[in-house]
Amino acid sequence: MSETIGSGPVLAADGTPLKRSLQRSLRLQKLRALLLIAPLLAFILITFIAPIADMLFRSVENEIVSETLPQTVKLLDADGPSAPIVPGNETFSALYVDLYVAVKNKEHTRLGSRLNYEQTGVSSLFRKSGRRVRRLDVEIYKNQFLDVDPAWGEVTTWLTLMEDAKVHKALPQTMWAFSAWLDDVIEDGDKPEEEKLEDYIFVALYNDLSAVSDKAVSRDLINKTASAVGGFETVDFKSAFAKFDKDWHNEDVWKTLRVYSPPYTEGYFLNAVDLQKEFEGYSVRPENERIYGTLFMRTLFMSLIITGCAILLGYPIAWLMSNRPMREANLLMIMVLLPFWTSLLVRTSAWKVMLQQQGVINDTLVWLNIIDEAGRLVLINNQFGTIVAMTHILLPFMVLPLYSVMRTIPVSYTRAAKSLGATNWTAFWRVYFPLSVPGIGAGSILVFILSIGYYITPEIVGGTSGTFISNRIAYHISSSLNWGLAAALGSILLLVVLLLYWVYDRIVGIDNVKLGG
Amino acid sequence: MSKSKQKPIVASQQQIAGSGAFFAGLFGFLFGMTQEMPLIGIAGGIVAGAIVAFLASKYIPTKRLAQLMSVILGGLLGYVQSQVTGAIVGAVFGWTFMWFVYWVATGEYRRRLPSYATPWQVIWHHSFVVLCWAIFLFLITPIIVVMPLSFNAENFFTFTPEMLNFDPAGYSLKHYQDFLTNSDWQSALKNSFLIAPVATLISVSLGTLAAIGLSQPFVPFRRAIMAILISPMIMPLIISAAGMYFFYSRVGLQGTYLGVVLAHAALGIPFVIITVTATLIGFDRSLTRAAASLGANPITTFFRVQMPLILPGVVSGGLFAFITSFDEVVVVLFVGSAGQKTLPWQMFTGLREQISPTILAVATILVALSILMLTTLELLRRRSEKLRGMTPAKSAVKQTAEWRMSVAGGKP
Amino acid sequence: MEKTGIKVINDESSAEAVAKLRAMDEAGNVTWDLVDVVAADAIRLCDEGLAMEIDHDEVLAKAPDGTPASKDFGDLIVSQCFIPQIVYSTTFGYRTDLVGDKKPTSVCAVFDTKTWPGKRSLEKRPINNMEWALICDGVAKDEVYDVLATPEGQERALKKLDTIKDDVIWWSAGADTPQLLADGEIVMGSTYNGRLFSVIEEQKQPVAMLWDAQVFDLDGWIVPAGLSPERKARVMDYLKFATDTQRLADQAKYISYGPARKSSAPLVGKHADLGIDMAPHMPTDPNNAKNTFLYNYEFWADYRDDIDAKFQAWLAK
């Protein structure tokens, strides 16, 4: 486009400069296109991309520990590196407050189940302790505070303290414990003023006051009490917990608590690659617990074999189809498309019928006397069954792109090669095959991506040796309830797929899917 | 039986006898195996095959007559050996035997080959074709096997002796009856038909709109948007299922009808996008301009001009989306709850828990359905070509490739 | 599984119910009123805060003689959230025609592939299998869990299982073993006793029970936490009816699972269709219950994750 001749820009019919007019119309076009796309994009983002993002988030989320035991976690975080693993009475006292509230909200066993994934036995430790914590007698705290000032027994005193931000800062544990009590009372539909304050609040008060006794809060009640708590008679929570269960003095339990106290953890990802996060750092899982490495390798390896089988079987028939007249090719195409259009479960059940020991293949072999009754082959519930069934199921995904590429290779090329003296093999290998490689590439990546995520077929025909990583993901979602680990395994798989997706985009082009290789 | 089709016999007598010996020898070997005397089978097959082939080519005037006679002979011998089954096997063998003999005798086997091909090249070519047919057989057999088994009178997944003897007592419709009367299957069927159409409607309406947007000449971030919209198709189902399960349970959609519909709609969208954009590529923009210049507003233009032309693409995209939802099991297994149990889910449970041929009856019905769908799609494709003014002869190759690749992008 | 209470005993969906219930709870929208689960799942649901704690005496009907429900169920109330319905057992069945002249009498026959060659089926999980392996490796019955709590003990059990690994078909659905037995694909296999009952008595297959070292387990109801008061009232009404002495005894008319109430035991009658006495087929019948285990809920709640990881790693090897 050369610039305008003469003075001033070219004007459009309405008098605006043509350039601007064109730009505006282009902008309008872009906007219109985006407006048309927007509803679907929003839909996909909400129904599909958000779930994937949520899965990624779940694979690192670990808020349950700091939410269930906030006071304990706070103290543990404050510990220096040289602090003893099993903390002192002060932390146990905070743990008592935490646990008491957790038991009231029925959250302690849930935390136990969570930590049990990392340390065997924590589940029953929390369940057992939960029962005993409620029964532990800590009335003396309340009595002693009431002795110092009876105002501590009035709910109204507490409600006024609640409104003071400085008190919140000075007595965090107390305020947290009191508001937990308050929430509980309100939830039950009772009036706070008419209810009796529970003992654990006073344990929290004691914990706070004994820690901040030197810092002055501008309230007489608190100052007065703070100077008195030094002489209080206390409960030895550390040995009380040991009496609940001796595991509370076990270093392993506390190491686990310390390692998993942050709200986000890489622990699930480490588990997903057969490592573990320990107090001392990362380490490899003991050999008899390593499984995910094996499963990932098996999934990739078997997907490779399946892809290979699909190439081996798909290439000849795609070639045959592309070298026959259209009418014949269409007939052959139906034979490829029919299984492709048939329900996945139908095909999987068909393979069950074919491969089982009393199945069609074994029956035929017995009938032909190739094997005898006792020597029926085990073709199902192993890797062989999975490979056969999945190759069958995924074969059309290989044949179709191959066919669409081979259709475009002119016959004259190989003829020319032969007329120049090439043997059949050379003509094929040096001329035809390189031209068909894009089809192999597209088909292979498609088959590979699909097969590493397969769940149904390995589940039904895979037995124990033919299962994939996806079966394990499903197991952790629905059976062991270790959703974090399931999410981590899924995220790793996602990463592999995205990588392949990118490669696919390079070879075929995502916005070019329809053009056929 | 017209005489013009009758091809003259060009092969030598040795070749004819040899072909008969080869084919019958092969069969004799298989038959011998079942009787535990393969060698005798081979020898008998070779001798008998050679003689019969020789006599047939020499004394029987037409191929048809020869085939008819060998079918009858094979059938009779088979019946003597093992009743109905044997008769059928024998008849089929007789037919193919004569076909093979004449295929060789009339030189038909060299039809596709250049006249200078050496015998080895001929053999190589034909073994390659046989191999290809074996692969096609591999593709199709499992589906063929399922169908007769669904008529099994027993509750087994295997062929009973009665079935193999074509005894009517070995067959029954009871598994179909079970499917039609069992409340589990019926509610599963109902759920499938409640979920799939609604999911299809969502994906088709949103997808068509977006496809039109995507095929505008200037679309910012086209590649990125396309990648996001296609991603549900490429993502392994287990990842989609896990993500949706986690997220939908956070927002209260897990275990609800709406949740399953939304999930299935998301899975169906890529198919609509792909098929509709493929149709739009061949769409002549001057048509809408012409409509606009004649005074039609954009909405009228869309419904009166554009829509009828891209309708085949929209419908086939819709079919894909429908089948995706109708056939989907992994996502519904996680996102759904007992109230949304669909047909594939029921089949999955059935396969894992009790092995009942009712599953095979359902399978047969589904295969019939998919043949129906396949025909519909093929007809739509042809119509689409005609509407877009493409002469099938010229662009059929490209069109098939296009459409087929969109299939290949296809069903996970 | 929903409020009408279709009884899907030992159905796979029991395990999935836990996950589904957790998802519903996370969404704050529990659509189930009553869930039929095995005891181990009830304990997990209770732990997760997904099941409601129940005062058994208040909710459930008294026995006809006035014994309060908590006494009538006795120690089968393994969790405050759980209302037991039936006692079933996981035990072995064998093909009488395939085992030869010497009939197996002890669970260790499973590990003796010399005397009884052929395939066996075991459940694809460590629970029960580990215990049986240890017993047959010479561990005394009352020490099994002490041994199994140690890494060496777990190793030992897996080593014992390793000796028959090639002969095992692993099942995951209760219908698998009966099917495999009926097809003659295995000589013996573990499954729920009720399933074996129907193979033997209803389908008349040549199969016999091997009651030795059967493991008792419980199946029953839980009520999801957080139901609205109306729904809760309706559910409690139903529960009171469905778990009274007569109703529990009636269940035994259809399948050989023992009623969870002591007071129901004398009321167990004949099979509804076959007309045979059901009492001798109950896992709790003195002739059958000579050597039994009770599923150790507390142990497996703790060790499930750990041992399962090892077990799966062993399986994948």
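Taking θ as phi - 60°, what are the ³J(HN,Hα) couplings along the range B:94-102 by the Karplus curve (6.51, -1.76, 1.60), each to the nearest whole Hz, with x for Gly and Pro?
Per residue, the Karplus-derived 3J(HN,Hα) values read x, 4, 5, 4, 5, 4, 5, 4, 6 Hz.
For B:Lys63, go through the aspartates and glutamates and keep the ones whose alpha-carbon is under 17 Å away, minus same-chain ones fewer than eight residues off.
Leaving aside aspartates and glutamates fewer than 8 places away in the same chain, those within reach of B:Lys63 are B:Glu108.
Which of the aspartates and glutamates could be linked to A:Lys196 by a straight reach, that is with a Cα gap under 13 Å, when you skip same-chain ones fewer than 8 residues away?
Of all the aspartates and glutamates, those that pass the test against A:Lys196 - Cα under 13 Å, at least 8 places apart if same chain - are A:Glu139, A:Glu154, A:Asp184.
May I ask you to derive the relative contact order of the range A:159-274, considering only C-alpha pairs under 8 Å and at least 6 residues apart, and to give it as an integer percent? Provide the component values of the computation, followed by the final result.
On the way: 51 pairs, mean separation 21.2, N = 116.
In percent, rounded to a whole number, it is 18.
Whose amide H sits under 5 Å from the amide H of C:Gln85, counting only residues 5 or more places off or on another chain, with H placed in the peptide plane?
Here the answer is C:Asp219, C:Gly220, C:Trp221, since their amide H atoms fall under 5 Å of that of C:Gln85.
Solvent-accessible area per residue for chain B at a 1.4 Å probe radius, Å²? Please report the intermediate quantities before stating the final value.
On the way: 18820 Å² over 412 residues.
Averaged over the residues of chain B, the accessible area is 46 Å².
Please report Rg (one decimal) and Dmax (integer) in Å for the Cα set of the range A:98-167.
Cα radius of gyration and Dmax of the range A:98-167 are 17.0, 47 Å respectively.
Before we go on, tell me the buried accessible area for the A/C pair, both chains summed, 1.4 Å probe, in Å² to the nearest 100. Kindly include the intermediate steps, with their values, before the conclusion.
Values: alone 28960 and 14340 Å², together 40240 Å².
In total, this chain pair buries about 3100 Å².
Averaged across orientations, what area in nm² does the convex hull of the alpha carbons in the range A:5-73 project?
If I average the Cα hull's projected area over directions, I get 10.4 nm².
Among the listed pairs C:Lys103/C:Lys204; A:Lys243/C:Lys232; A:Lys74/A:Lys169, which have their C-alpha atoms separated by more than 26 angstrom in this model? Could you put the intermediate results ahead of the total?
Numbers: C:Lys103/C:Lys204 19 Å; A:Lys243/C:Lys232 38 Å; A:Lys74/A:Lys169 14 Å.
In this structure, A:Lys243/C:Lys232 lie more than 26 Å apart at Cα.
If you look at just the Cα atoms of the range B:3-111, how large are its Rg and its Dmax in Å?
Rg then Dmax for the range B:3-111, in Å: 13.8, 46.
With the crude spin-label approximation of a point 7 Å out along Cα→Cβ, what separation in nm comes out for A:Asp164 versus B:Val10?
11.4 nm
Step through the table entries B:Lys341/C:Lys71; B:Lys190/C:Lys317; C:Lys102/C:Lys124, compare each Cα-Cα distance with 32 Å, and write down the pairs that go over it. Each step should come with its number before you reach the end.
Numbers: B:Lys341/C:Lys71 40 Å; B:Lys190/C:Lys317 43 Å; C:Lys102/C:Lys124 28 Å.
Over 32 Å apart, Cα to Cα: B:Lys341/C:Lys71; B:Lys190/C:Lys317.
Take the Cα radius of gyration of the protein assembly as shown and divide it by 2.2 N^0.38 Å, with N its residue count; two decimals is plenty. Could you put the intermediate results ahead of the total?
Details: Rg = 36.6 Å, N = 1246, 2.2 N^0.38 = 33.0 Å.
This ratio for the protein assembly as shown stands at 1.11.
Does anyone have the angle between helix C:151-162 and the longest principal axis of chain C? Alpha-carbon axes, 0 to 90°, nearest 10?
Helix C:151-162 sits roughly 60 degrees off the main axis of chain C.
Volume per residue, Å³, of the convex hull around the alpha-carbon atoms of the range A:309-384?
Working: hull volume 9.7 nm³, N = 76.
Convex hull volume per residue, Cα atoms: 128 Å³.
Kirkwood hydrodynamic radius, the range C:206-301, all distinct C-alpha pairs: what's the number in Å?
Values: mean 1/r = 0.0642 Å⁻¹.
With all distinct Cα pairs of the range C:206-301 included, I get 15.6 Å.
Just tell me how shielded B:342-351 is by partners: mean number of partner chain Cβ atoms within 10 Å of each residue's Cβ, no decimals.
Working: counts 0, 2, 5, 1, 1, 7, 7, 4, 2, 9.
Mean partner-chain Cβ count within 10 Å for B:342-351: 4.
How many Å² of accessible surface get buried when B and A come together, counting both sides, probe radius 1.4 Å, rounded to the nearest 100? Don't skip to the end; give the middle numbers.
On the way: alone 24440 and 28960 Å², together 43330 Å².
By this definition, chains B and A bury close to 10100 Å².
What do you get when you divide the Cα radius of gyration of the range C:190-261 by 2.2 N^0.38 Å, with N the number of residues?
Working: Rg = 16.7 Å, N = 72, 2.2 N^0.38 = 11.2 Å.
After normalising by residue count via 2.2 N^0.38 Å, the value is 1.49.
Multiply the residue gap between B:Ala296 and B:Leu201 by 0.36 nm, knock off their C-alpha separation, and tell me the result in nm, one decimal place. Can you show the working numbers first?
Numbers: separation 95, 0.36 × 95 = 34.20 nm, distance 2.73 nm.
This chain segment gains 31.5 nm when fully extended.
I want to verify a result. In a Gaussian network model of chain B, Cα cutoff 10 Å, which of these has the top mean-square fluctuation: B:His175, B:His126, B:His264?
It is B:His126.
Give the cysteines in the protein assembly as shown for which no other Cys Cβ lies under 4.7 Å away, or write none if there are none.
A:Cys309, B:Cys132
Mean 1/r over all different Cα pairs, inverted: what Kirkwood radius does the range B:182-408 give, in Å? Could the numbers behind the result be given before it?
Values: mean 1/r = 0.0523 Å⁻¹.
Value: 19.1 Å, from the Cα pair sum.
Using only the Cα atoms, what convex hull volume per residue in Å³ does the range A:292-515 have? Intermediate results must be reported in sequence, preceding the final value.
Working: hull volume 37.2 nm³, N = 224.
Taking the convex hull of the Cα positions in the range A:292-515, it is 166 Å³ per residue.
Compare the peptides A:111-124, C:260-273 by average per-residue count of other Cβ atoms within 10 angstrom and give them in order, highest first.
On the way: A:111-124: 22.8, C:260-273: 17.3.
So the order, starting with the most tightly packed, is A:111-124, C:260-273.
Tell me whether chain A comes out rounded, prolate or oblate; compute the Cα gyration tensor, take square roots of the eigenvalues as a ≥ b ≥ c, and use a/c under 1.5 as the rounded threshold.
Details: a/c = 3.47, a/b = 1.79, b/c = 1.94.
In terms of gyration-tensor shape, oblate.
Taking every residue in C:136-148, how many Cβ atoms of other protein chains lie within 10 Å of its Cβ, on average? Don't skip to the end; give the middle numbers.
Details: counts 0, 0, 0, 0, 0, 0, 0, 0, 0, 0, 0, 0, 0.
So the per-residue partner count for this stretch is 0.
Would you jot down the residues in the range A:441-472 that end up with at least 50 Å² less accessible area in the complete protein assembly than in the chain alone, with a 1.4 Å probe?
A:Tyr455, A:Ile456, A:Thr464
Step through the residues of the range C:205-220 one at a time and calculate ³J(HN,Hα) from phi using the Karplus curve (6.51 cos²θ - 1.76 cosθ + 1.60, θ = phi - 60°), rounding each to whole Hz and writing x for Gly and Pro.
7, x, 10, 10, 8, 10, 6, 4, 6, 5, 10, 6, 9, 10, 10, x
222 nm [θ] for chain B, helices only, -39500 (n - 2.57) per DSSP H run of 4+, per residue, to 500? Walk me through the numbers on the way to the answer.
Numbers: 17 runs with 312 residues, N = 412.
Theoretical 222 nm ellipticity from helices: -25500 deg cm²/dmol.
Take the Cα radius of gyration of the range A:68-287 and divide it by 2.2 N^0.38 Å, with N its residue count; two decimals is plenty. Intermediate values should be presented prior to the final figure.
Details: Rg = 18.8 Å, N = 220, 2.2 N^0.38 = 17.1 Å.
Here the Cα radius of gyration is 1.10 times the empirical estimate.
Which one, C:Ala63, C:Gly184, C:Gln154, is farthest towards the positive end of the dipole of chain C when Lys and Arg carry +1 and Asp and Glu -1 on their Cβ?
The one lying farthest along the dipole's positive direction is C:Gly184.
For the range A:189-306, what percent of Cα pairs sit more than 25 Å apart? Don't skip to the end; give the middle numbers.
Values: 4104 of 6903 pairs.
When all Cα pairs of the range A:189-306 are counted, 59 percent exceed 25 Å.
What distance in nm lies between label points placed 7 Å from Cα along the C-beta direction at B:Arg289 and B:Val130?
6.1 nm
Please give every one of the aspartates and glutamates within straight-line cross-link reach of C:Lys262, meaning a C-alpha to C-alpha distance under 14 Å, and leave out same-chain neighbours fewer than 8 residues apart.
C:Lys262 reaches C:Asp65, C:Asp72, C:Asp75, C:Asp244, C:Asp250, C:Asp285.
What percent does the relative contact order of chain A come to when contacts are Cα pairs within less than 8 Å and at least six residues apart?
Numbers: 545 pairs, mean separation 81.2, N = 517.
About 16 percent, as a whole number.
Using only the Cα atoms of the range A:133-238, what are the Rg and Dmax in Å?
For the range A:133-238, the Cα radius of gyration and maximum Cα-Cα distance read 13.3, 39 Å.
Output needed: percent of Cα pairs per 20 Å distance bin for chain C, bins running from 0 to the one holding the longest distance.
Calculated over all Cα pairs of chain C, the distribution is 31, 57, 11, 0 percent.
What FRET efficiency, computed as 1/(1 + (r/R0)^6) with R0 = 30 Å and r the Cβ-Cβ distance, is obtained for C:Phe241 and C:Asp273, rounded to the nearest 0.05?
Values: r = 24 Å, r/R0 = 0.81.
After rounding to 0.05, the efficiency reads 0.80.
How many percent of the accessible area of chain B is carbon or sulfur, using a 1.4 Å probe?
71 percent
At 1.4 Å probe size, what's the solvent-accessible area of B:Thr118? Round to the nearest 10 Å².
Its heavy atoms expose roughly 60 Å² to the probe.
Pull out the extension gain between A:Thr423 and A:Asp252, defined as 0.36 nm times the separation in residues minus the alpha carbon to alpha carbon distance; nm, one decimal.
On the way: separation 171, 0.36 × 171 = 61.56 nm, distance 7.22 nm.
Fully extending the segment from A:Thr423 to A:Asp252 adds 54.3 nm.
Per the Cauchy relation, a quarter of the hull surface: what is the mean projected area of the convex hull of the alpha carbons in the range C:265-317, in nm²?
Details: hull surface 27.1 nm².
Over all viewing directions, the range C:265-317 projects a mean Cα-hull area of 6.8 nm².
Dipole magnitude of the range B:145-249 about its Cα centre, charges +1 at Lys/Arg Cβ and -1 at Asp/Glu Cβ only, in debye to the nearest 20?
740 debye
At q = 0.16 Å⁻¹, what is the base-10 log of I(q)/I(0) for the range A:433-508 according to the Debye formula with one equal point scatterer per Cα and no solvent? Please give it to two decimals.
Listed by q, the Debye log ratios stand at -0.68.
Could you calculate the FRET efficiency of A:Arg506 with C:Asp65 from 1/(1 + (r/R0)^6), where r is the beta carbon distance between them and R0 is 60 Å, rounded to 0.05? It would help to have the intermediate numbers written out before the result.
Working: r = 79 Å, r/R0 = 1.32.
So the FRET efficiency works out to roughly 0.15.
Hey, what does the equivalent ellipsoid look like for chain B, semi-axes from the Cα gyration tensor as sqrt of 5 times each eigenvalue, largest first, whole Å? Walk me through the numbers on the way to the answer.
Details: eigenvalues 543, 216, 63 Å².
In descending order the semi-axes read 52, 33, 18 Å.
Can you give the average number of partner chain beta-carbon atoms within 10 Å of each beta-carbon in peptide B:33-40, as a whole number? Display every interim value, and only then the final one.
Values: counts 5, 6, 1, 2, 1, 3, 0, 0.
Counting Cβ atoms of other protein chains within 10 Å of each residue's Cβ and averaging gives 2.
The values are calculated or read from the model by the stated rules, or taken from the named source; none is laboratory data. Keep in mind that what you see is a predicted model, and the values were worked out from it rather than measured. Cβ: placed from backbone, ideal geometry, glycine included. Neighbour counts: every protein chain shown. Just so you know, the surface numbers come from the protein's heavy atoms only, side chains and all, with ligands and any DNA or RNA stripped out. Shrake-Rupley method; radii C 1.70, N 1.55, O 1.52, S 1.80 Å.
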